[in-house]
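Before any comments, here is the structure.
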(Lines give C-alpha, C1' and ligand atoms only; values in the text may rest on other atoms or scores of the structure.)
Protein backbone atom coordinates (compact mmCIF):
# COMPACT_ATOMS: atom_id res chain seq x y z
CA UNK A 1 0.00 0.00 0.00
CA UNK A 2 1.38 3.43 -0.92
CA UNK A 3 2.39 5.75 1.89
CA UNK A 4 1.62 9.34 0.87
CA UNK A 5 2.93 11.22 3.92
CA UNK A 6 0.30 13.73 5.10
CA UNK A 7 -2.85 14.55 3.15
CA UNK A 8 -5.44 17.21 3.99
CA UNK A 9 -9.17 16.43 3.84
CA UNK A 10 -12.38 17.79 5.29
CA UNK A 11 -13.60 14.54 6.89
CA UNK A 12 -12.15 11.14 7.74
CA UNK A 13 -14.54 8.26 8.44
CA UNK A 14 -13.01 5.36 10.34
CA UNK A 15 -14.88 2.09 9.81
CA UNK A 16 -17.03 0.78 6.96
CA UNK A 17 -19.71 -1.07 8.86
CA UNK A 18 -23.32 0.06 9.04
CA UNK A 19 -22.56 3.33 10.81
CA UNK A 20 -19.55 4.25 8.67
CA UNK A 21 -21.31 3.55 5.38
CA UNK A 22 -24.36 5.51 6.53
CA UNK A 23 -22.12 8.48 7.33
CA UNK A 24 -20.35 8.18 3.97
CA UNK A 25 -23.67 8.10 2.13
CA UNK A 26 -24.84 11.30 3.81
CA UNK A 27 -21.49 12.99 3.20
CA UNK A 28 -21.96 12.29 -0.52
CA UNK A 29 -25.51 13.62 -0.41
CA UNK A 30 -24.17 16.78 1.21
CA UNK A 31 -21.91 17.31 -1.81
CA UNK A 32 -18.59 16.08 -0.44
CA UNK A 33 -16.57 13.97 -2.86
CA UNK A 34 -15.19 10.56 -1.90
CA UNK A 35 -11.38 10.43 -1.84
CA UNK A 36 -11.17 14.17 -2.44
CA UNK A 37 -13.14 15.85 0.35
CA UNK A 38 -13.55 12.80 2.59
CA UNK A 39 -12.17 9.31 2.90
CA UNK A 40 -13.48 6.08 4.44
CA UNK A 41 -10.87 3.86 6.09
CA UNK A 42 -11.55 0.24 7.00
CA UNK A 43 -9.17 -2.26 8.55
CA UNK A 44 -11.18 -5.31 7.48
CA UNK A 45 -10.01 -7.20 4.39
CA UNK A 46 -13.31 -6.89 2.50
CA UNK A 47 -16.75 -5.25 2.69
CA UNK A 48 -19.21 -6.41 5.37
CA UNK A 49 -18.16 -4.73 8.59
CA UNK A 50 -18.26 -7.08 11.59
CA UNK A 51 -20.77 -9.27 9.77
CA UNK A 52 -18.04 -10.82 7.64
CA UNK A 53 -16.56 -12.45 10.75
CA UNK A 54 -19.77 -14.09 12.00
CA UNK A 55 -19.88 -17.85 12.30
CA UNK A 56 -21.25 -19.75 9.26
CA UNK A 57 -24.22 -21.22 11.11
CA UNK A 58 -25.59 -17.73 11.81
CA UNK A 59 -27.79 -17.62 8.74
CA UNK A 60 -29.50 -14.47 7.54
CA UNK A 61 -32.86 -15.82 8.71
CA UNK A 62 -31.56 -15.91 12.31
CA UNK A 63 -30.46 -12.27 12.31
CA UNK A 64 -32.65 -10.00 14.45
CA UNK A 65 -33.48 -6.48 13.30
CA UNK A 66 -31.15 -6.00 10.33
CA UNK A 67 -32.09 -2.64 8.77
CA UNK A 68 -31.11 -1.68 5.25
CA UNK A 69 -28.59 1.09 4.68
CA UNK A 70 -29.97 4.47 3.57
CA UNK A 71 -30.74 4.76 -0.12
CA UNK A 72 -30.61 1.07 -1.01
CA UNK A 73 -32.76 -1.76 0.32
CA UNK A 74 -31.50 -5.26 1.01
CA UNK A 75 -33.96 -7.41 -0.91
CA UNK A 76 -34.22 -10.99 -2.12
CA UNK A 77 -31.83 -12.41 0.46
CA UNK A 78 -31.82 -16.18 1.05
CA UNK A 79 -32.66 -16.77 4.72
CA UNK A 80 -30.69 -20.03 4.70
CA UNK A 81 -27.43 -18.40 3.54
CA UNK A 82 -24.78 -17.34 6.08
CA UNK A 83 -25.36 -13.77 7.25
CA UNK A 84 -21.68 -13.04 6.58
CA UNK A 85 -22.20 -13.76 2.88
CA UNK A 86 -25.56 -12.02 2.49
CA UNK A 87 -24.62 -8.81 4.30
CA UNK A 88 -21.07 -8.82 2.96
CA UNK A 89 -22.37 -8.90 -0.61
CA UNK A 90 -24.93 -6.19 0.22
CA UNK A 91 -22.29 -3.87 1.70
CA UNK A 92 -20.04 -4.52 -1.31
CA UNK A 93 -22.82 -3.59 -3.73
CA UNK A 94 -23.66 -0.52 -1.63
CA UNK A 95 -20.08 0.78 -1.72
CA UNK A 96 -19.99 0.32 -5.49
CA UNK A 97 -23.38 1.91 -6.16
CA UNK A 98 -22.51 5.10 -4.32
CA UNK A 99 -18.83 5.14 -5.30
CA UNK A 100 -17.60 5.34 -1.71
CA UNK A 101 -14.06 4.18 -2.59
CA UNK A 102 -13.33 2.63 0.81
CA UNK A 103 -9.63 2.23 1.58
CA UNK A 104 -8.84 -1.25 2.93
CA UNK A 105 -7.18 -2.84 4.68
CA UNK A 106 -6.00 0.24 6.57
CA UNK A 107 -5.12 0.28 10.27
CA UNK A 108 -5.73 3.50 12.18
CA UNK A 109 -3.10 3.75 14.89
CA UNK A 110 -3.92 7.04 16.59
CA UNK A 111 -5.73 10.37 16.26
CA UNK A 112 -3.80 13.36 17.59
CA UNK A 113 -4.03 17.13 17.72
CA UNK A 114 -2.56 18.72 14.61
CA UNK A 115 -1.90 22.26 13.39
CA UNK A 116 -4.46 24.78 12.21
CA UNK A 117 -7.29 23.20 14.22
CA UNK A 118 -6.94 19.93 12.30
CA UNK A 119 -6.76 16.40 13.65
CA UNK A 120 -3.97 14.08 12.56
CA UNK A 121 -5.18 10.56 11.76
CA UNK A 122 -2.14 8.28 11.72
CA UNK A 123 -2.71 5.19 9.61
CA UNK A 124 -0.86 2.36 7.91
CA UNK A 125 -1.14 4.22 4.59
CA UNK A 126 -0.02 7.62 5.82
CA UNK A 127 -1.35 10.52 7.89
CA UNK A 128 -4.54 12.49 7.21
CA UNK A 129 -4.95 16.04 8.46
CA UNK A 130 -8.71 16.44 8.79
CA UNK A 131 -11.12 19.13 9.91
CA UNK A 132 -13.60 16.57 11.27
CA UNK A 133 -13.57 12.92 12.23
CA UNK A 134 -16.38 10.35 12.25
CA UNK A 135 -15.33 7.30 14.25
CA UNK A 136 -17.46 4.27 13.38
CA UNK A 137 -15.28 1.49 14.75
CA UNK A 138 -17.97 -0.48 16.57
CA UNK A 139 -17.10 -3.15 19.13
CA UNK A 140 -16.14 -6.37 17.30
CA UNK A 141 -12.40 -5.72 17.70
CA UNK A 142 -12.67 -5.55 21.49
CA UNK A 143 -14.17 -8.80 22.78
CA UNK A 144 -14.55 -8.77 26.55
CA UNK A 145 -13.05 -11.78 28.32
CA UNK A 146 -13.58 -11.69 32.10
CA UNK A 147 -10.98 -13.07 34.47
CA UNK A 148 -11.72 -15.72 37.10
CA UNK A 149 -9.44 -17.49 39.59
CA UNK A 150 -7.83 -20.60 38.14
CA UNK A 151 -8.49 -19.61 34.53
CA UNK A 152 -4.92 -20.32 33.47
CA UNK A 153 -5.10 -23.87 34.85
CA UNK A 154 -7.98 -25.03 32.64
CA UNK A 155 -6.83 -27.91 30.43
CA UNK A 156 -9.60 -27.52 27.89
CA UNK A 157 -10.27 -24.87 25.28
CA UNK A 158 -11.42 -21.33 25.99
CA UNK A 159 -12.74 -19.05 23.28
CA UNK A 160 -14.93 -16.00 22.82
CA UNK A 161 -17.96 -15.42 20.60
CA UNK A 162 -15.60 -13.47 18.31
CA UNK A 163 -13.73 -16.74 17.63
CA UNK A 164 -16.74 -19.08 17.56
CA UNK A 165 -16.49 -21.28 14.43
CA UNK A 166 -19.97 -22.84 14.58
CA UNK A 167 -21.19 -26.00 16.35
CA UNK A 168 -19.42 -28.72 14.35
CA UNK A 169 -16.11 -28.44 16.25
CA UNK A 170 -17.85 -29.16 19.57
CA UNK A 171 -19.48 -32.47 18.66
CA UNK A 172 -19.35 -34.87 21.60
CA UNK A 173 -17.79 -32.31 23.95
CA UNK A 174 -18.93 -30.83 27.25
CA UNK A 175 -19.36 -27.07 26.84
CA UNK A 176 -19.92 -24.31 29.38
CA UNK A 177 -21.41 -21.18 27.77
CA UNK A 178 -20.94 -18.01 29.83
CA UNK A 179 -23.15 -14.99 29.13
CA UNK A 180 -26.81 -14.04 29.20
CA UNK A 181 -27.13 -12.18 25.91
CA UNK A 182 -28.47 -13.12 22.51
CA UNK A 183 -25.24 -14.71 21.32
CA UNK A 184 -25.12 -16.98 24.38
CA UNK A 185 -28.60 -18.35 23.72
CA UNK A 186 -27.85 -18.78 20.01
CA UNK A 187 -24.68 -20.73 20.82
CA UNK A 188 -26.50 -22.93 23.32
CA UNK A 189 -29.32 -23.82 20.96
CA UNK A 190 -26.82 -24.84 18.27
CA UNK A 191 -24.44 -26.68 20.56
CA UNK A 192 -27.17 -28.67 22.30
CA UNK A 193 -27.73 -30.56 19.05
CA UNK A 194 -24.13 -31.84 18.82
CA UNK A 195 -22.41 -31.49 22.20
CA UNK A 196 -22.37 -34.21 24.83
CA UNK A 197 -23.48 -31.72 27.49
CA UNK A 198 -24.08 -27.97 27.66
CA UNK A 199 -24.25 -25.70 30.69
CA UNK A 200 -25.42 -22.09 30.71
CA UNK A 201 -23.86 -19.75 33.27
CA UNK A 202 -24.82 -16.08 33.72
CA UNK A 203 -24.10 -13.41 36.30
CA UNK A 204 -27.75 -12.39 36.51
CA UNK A 205 -30.93 -14.32 35.79
CA UNK A 206 -31.83 -13.81 32.12
CA UNK A 207 -34.92 -11.78 31.30
CA UNK A 208 -37.07 -13.10 28.45
CA UNK A 209 -39.25 -10.61 26.64
CA UNK A 210 -42.70 -11.69 25.48
CA UNK A 211 -44.92 -9.83 23.08
CA UNK A 212 -44.07 -7.24 20.42
CA UNK A 213 -41.17 -4.84 20.78
CA UNK A 214 -42.49 -1.60 19.33
CA UNK A 215 -41.25 1.93 18.91
CA UNK A 216 -42.13 2.95 22.46
CA UNK A 217 -40.12 0.10 24.00
CA UNK A 218 -37.28 0.77 21.59
CA UNK A 219 -37.09 4.44 22.50
CA UNK A 220 -37.10 3.58 26.21
CA UNK A 221 -34.24 1.11 25.77
CA UNK A 222 -32.17 3.56 23.73
CA UNK A 223 -32.80 6.29 26.32
CA UNK A 224 -31.33 4.10 29.07
CA UNK A 225 -28.13 3.54 27.09
CA UNK A 226 -28.04 7.19 26.02
CA UNK A 227 -28.14 8.36 29.62
CA UNK A 228 -24.98 6.42 30.45
CA UNK A 229 -23.17 7.94 27.48
CA UNK A 230 -24.38 11.42 28.44
CA UNK A 231 -22.87 10.88 31.89
CA UNK A 232 -19.54 9.73 30.48
CA UNK A 233 -19.95 6.10 31.55
CA UNK A 234 -18.94 3.15 29.37
CA UNK A 235 -21.93 2.36 27.15
CA UNK A 236 -24.03 -0.76 27.46
CA UNK A 237 -25.45 -2.38 24.36
CA UNK A 238 -29.06 -1.64 23.50
CA UNK A 239 -29.70 -5.40 23.59
CA UNK A 240 -28.58 -5.56 27.22
CA UNK A 241 -31.55 -3.46 28.34
CA UNK A 242 -34.22 -4.98 26.10
CA UNK A 243 -34.18 -8.59 27.32
CA UNK A 244 -34.14 -11.74 25.21
CA UNK A 245 -36.93 -12.19 22.64
CA UNK A 246 -39.06 -15.22 23.44
CA UNK A 247 -39.62 -16.76 20.00
CA UNK A 248 -40.62 -20.33 19.12
CA UNK A 249 -37.03 -21.58 18.99
CA UNK A 250 -36.27 -20.15 22.43
CA UNK A 251 -39.49 -21.58 23.89
CA UNK A 252 -38.57 -25.02 22.56
CA UNK A 253 -35.06 -24.76 23.98
CA UNK A 254 -36.45 -23.83 27.39
CA UNK A 255 -38.86 -26.76 27.31
CA UNK A 256 -35.96 -29.09 26.50
CA UNK A 257 -33.87 -27.73 29.39
CA UNK A 258 -31.25 -26.24 27.09
CA UNK A 259 -31.72 -22.79 28.62
CA UNK A 260 -31.71 -23.85 32.26
CA UNK A 261 -29.44 -21.23 33.71
CA UNK A 262 -26.82 -21.69 36.45
CA UNK A 263 -25.47 -18.82 38.58
CA UNK A 264 -21.93 -17.60 37.99
CA UNK A 265 -19.24 -20.00 39.13
CA UNK A 266 -16.61 -18.96 41.65
CA UNK A 267 -13.51 -20.34 39.99
CA UNK A 268 -12.16 -22.35 37.08
CA UNK A 269 -10.43 -25.66 37.70
CA UNK A 270 -8.19 -27.75 35.44
CA UNK A 271 -11.21 -29.98 34.69
CA UNK A 272 -14.01 -27.41 34.52
CA UNK A 273 -15.72 -24.89 36.81
CA UNK A 274 -16.67 -24.81 40.50
CA UNK A 275 -19.15 -22.93 42.68
CA UNK A 276 -18.79 -21.72 46.25
CA UNK A 277 -21.30 -24.31 47.50
CA UNK A 278 -19.05 -27.15 46.37
CA UNK A 279 -20.77 -27.94 43.08
CA UNK A 280 -18.49 -28.68 40.13
CA UNK A 281 -18.98 -29.27 36.41
CA UNK A 282 -16.44 -30.98 34.18
CA UNK A 283 -15.97 -29.37 30.78
CA UNK A 284 -13.90 -29.60 27.63
CA UNK A 285 -14.66 -26.05 26.49
CA UNK A 286 -15.57 -22.71 28.04
CA UNK A 287 -17.24 -20.39 25.53
CA UNK A 288 -17.27 -16.76 26.66
CA UNK A 289 -20.37 -15.08 25.20
CA UNK A 290 -19.59 -12.05 27.33
CA UNK A 291 -19.96 -9.25 24.85
CA UNK A 292 -17.74 -6.51 23.53
CA UNK A 293 -16.47 -3.08 24.46
CA UNK A 294 -16.28 0.04 22.28
CA UNK A 295 -13.16 0.07 20.08
CA UNK A 296 -11.98 3.64 20.71
CA UNK A 297 -8.32 3.20 21.70
CA UNK A 298 -7.24 5.16 18.60
CA UNK A 299 -8.81 8.26 20.18
CA UNK A 300 -6.76 7.99 23.41
CA UNK A 301 -4.30 10.83 22.55
CA UNK A 302 -7.23 13.28 22.43
CA UNK A 303 -8.08 12.55 26.08
CA UNK A 304 -11.82 12.32 25.50
CA UNK A 305 -12.59 9.88 28.31
CA UNK A 306 -14.43 11.05 31.41
CA UNK A 307 -13.58 9.95 34.98
CA UNK A 308 -16.35 7.34 34.67
CA UNK A 309 -14.39 5.59 31.91
CA UNK A 310 -16.52 6.45 28.87
CA UNK A 311 -16.58 9.21 26.28
CA UNK A 312 -19.33 11.72 26.94
CA UNK A 313 -21.38 12.15 23.78
CA UNK A 314 -24.28 14.47 22.96
CA UNK A 315 -26.15 13.26 19.89
CA UNK A 316 -23.04 11.94 18.14
CA UNK A 317 -20.57 14.68 19.11
CA UNK A 318 -17.82 14.10 21.65
CA UNK A 319 -18.38 16.75 24.33
CA UNK A 320 -14.65 17.32 24.80
CA UNK A 321 -13.95 17.88 21.09
CA UNK A 322 -16.61 19.07 18.63
CA UNK A 323 -14.56 17.84 15.66
CA UNK A 324 -15.02 14.22 16.75
CA UNK A 325 -18.23 12.26 16.22
CA UNK A 326 -18.89 8.72 17.38
CA UNK A 327 -21.46 6.70 15.46
CA UNK A 328 -22.39 3.12 16.26
CA UNK A 329 -21.41 3.98 19.84
CA UNK A 330 -23.71 3.37 22.79
CA UNK A 331 -27.30 4.22 21.84
CA UNK A 332 -26.53 4.04 18.10
CA UNK A 333 -24.98 0.54 18.31
CA UNK A 334 -27.80 -1.08 16.35
CA UNK A 335 -28.38 -1.18 12.62
CA UNK A 336 -31.23 1.33 12.67
CA UNK A 337 -29.46 3.46 15.28
CA UNK A 338 -26.30 3.48 13.18
CA UNK A 339 -28.24 4.74 10.15
CA UNK A 340 -29.71 7.63 12.14
CA UNK A 341 -26.39 8.43 13.79
CA UNK A 342 -24.63 8.62 10.44
CA UNK A 343 -27.13 11.20 9.23
CA UNK A 344 -26.97 13.20 12.47
CA UNK A 345 -23.17 13.23 12.51
CA UNK A 346 -23.00 14.56 8.95
CA UNK A 347 -25.45 17.37 9.74
CA UNK A 348 -23.24 18.43 12.63
CA UNK A 349 -20.04 18.05 10.62
CA UNK A 350 -21.49 20.23 7.86
CA UNK A 351 -22.19 22.99 10.39
CA UNK A 352 -18.62 22.71 11.63
CA UNK A 353 -17.20 22.87 8.11
CA UNK A 354 -19.38 25.92 7.41
CA UNK A 355 -17.99 27.64 10.47
CA UNK A 356 -21.18 27.58 12.50
CA UNK A 357 -20.52 24.43 14.53
CA UNK A 358 -19.89 24.19 18.25
CA UNK A 359 -16.38 25.57 18.97
CA UNK A 360 -13.71 23.16 20.21
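The values are calculated or read from the model by the stated rules, or taken from the named source; none is laboratory data. Since we're looking at a predicted model, the values are computed, not measured. Cβ: placed from backbone, ideal geometry, glycine included. Neighbour counts: every protein chain shown.
Would you say residue 192 is modelled with pLDDT of 95 or more, more than 28 Å from residue 56 (Cα to Cα) and crowded, with 17+ Cβ neighbours inside 10 Å? Explain how you work it out, then say what you get.
Values: modelled with pLDDT of 95 or more: yes; more than 28 Å from residue 56 (Cα to Cα): no; crowded, with 17+ Cβ neighbours inside 10 Å: yes.
Here the answer is no, as residue 192 does not meet what is asked.
Could you please let me know if residue 184 is in a helix (DSSP H, G or I), surrounded by 15 or more Cβ atoms within 10 Å (Cβ to Cβ) and either at pLDDT 90 or above or within 18 Å of the chain's Cα centre (by Cα) (or both)?
On the way: in a helix (DSSP H, G or I): yes; surrounded by 15 or more Cβ atoms within 10 Å (Cβ to Cβ): yes; either at pLDDT 90 or above or within 18 Å of the chain's Cα centre (by Cα) (or both): yes.
Yes; evaluated as a whole, the condition is true for this residue.
It is to be established whether one or more residues within the range 118-128 are in a helix (DSSP H, G or I) and surrounded by 15 or more Cβ atoms within 10 Å (Cβ to Cβ). Outline the logic, then answer.
Of all residues in the range 118-128, those in a helix (DSSP H, G or I) come to none.
Checked against the condition, which is being in a helix (DSSP H, G or I) and surrounded by 15 or more Cβ atoms within 10 Å (Cβ to Cβ), the range 118-128 yields no hits at all.
Scan (1) modelled with pLDDT of 80 or more; (2) over 27 Å from residue 169 (Cα atoms); (3) touching a strand residue (DSSP E or B) at 6+ places or on another chain (Cβ under 9 Å) for the single condition residue 197 breaks and write down its number.
For residue 197, the exception is condition (2).
Just a yes or no: is a residue in the range 20-30 modelled with pLDDT under 95 and crowded, with 17+ Cβ neighbours inside 10 Å?
First, pick out the residues of the range 20-30 that are modelled with pLDDT under 95: none.
So far as the range 20-30 goes, no, none of its residues is modelled with pLDDT under 95 and crowded, with 17+ Cβ neighbours inside 10 Å.
Give the residue that is farthest from residue 198 (Cα to Cα), with candidates limited to residues of the range 269-292 that are in contact (Cβ under 8 Å) with a residue 60 or more places away in the chain and not in a strand (DSSP E or B).
This residue is 291.
Collect the residues in the range 296-313 that are outside any strand (DSSP E or B) and surrounded by fewer than 19 Cβ atoms within 10 Å (Cβ to Cβ), keeping them in residue-number order.
Applying the first criterion (outside any strand (DSSP E or B)) to the range 296-313 yields 296-304, 306-310, 312.
297, 300, 301, 303, 306, 307, 308, 309, 312, listed by residue number.
Residues checked against (1) farther than 26 Å from residue 185 by Cβ; (2) touching a residue at least 40 places away in the same chain (Cβ under 8 Å):
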| position | (1), (2) |
| --- | --- |
| 66 | no, yes |
| 74 | no, no |
| 80 | no, no |
| 83 | no, no |
| 95 | yes, yes |
| 101 | yes, yes |
| 107 | yes, yes |
| 110 | yes, yes |
| 119 | yes, yes |
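Does residue 327 count as crowded, with 21+ Cβ neighbours inside 10 Å, assigned by TED's automatic domain parsing to the domain that holds residue 197 and modelled with pLDDT of 90 or more? Don't jump to the end; show me each part of the working.
Details: crowded, with 21+ Cβ neighbours inside 10 Å: yes; assigned by TED's automatic domain parsing to the domain that holds residue 197: no; modelled with pLDDT of 90 or more: yes.
Taking the combined requirement at face value, the residue does not satisfy it.
Taking the range 212-242, which residues are assigned to a loop (DSSP other than H, G, I, E, B), modelled with pLDDT under 75 and within 19 Å of the chain's Cα centre (by Cα)? I'd like the intermediate steps shown before the answer.
Start the filter on the range 212-242 by keeping residues that are assigned to a loop (DSSP other than H, G, I, E, B), which leaves 212-214, 231-238, 242.
This time we only want the ones that are modelled with pLDDT under 75, so: 212-214, 236-238, 242.
236, 237, 238, 242 - these are the residues of the range 212-242 that are assigned to a loop (DSSP other than H, G, I, E, B), modelled with pLDDT under 75 and within 19 Å of the chain's Cα centre (by Cα).
Do you know which residues across the range 73-117 are in contact with a strand residue (DSSP E or B) (Cβ under 7 Å, 6 or more places away or on another chain) and either in a loop (DSSP other than H, G, I, E, B) or closer than 14 Å to residue 50 by Cα (or both)?
Hits for the range 73-117 are 79, 80, 81, 82, 83, 99, 100, 101, 102, 106, 107, 114.
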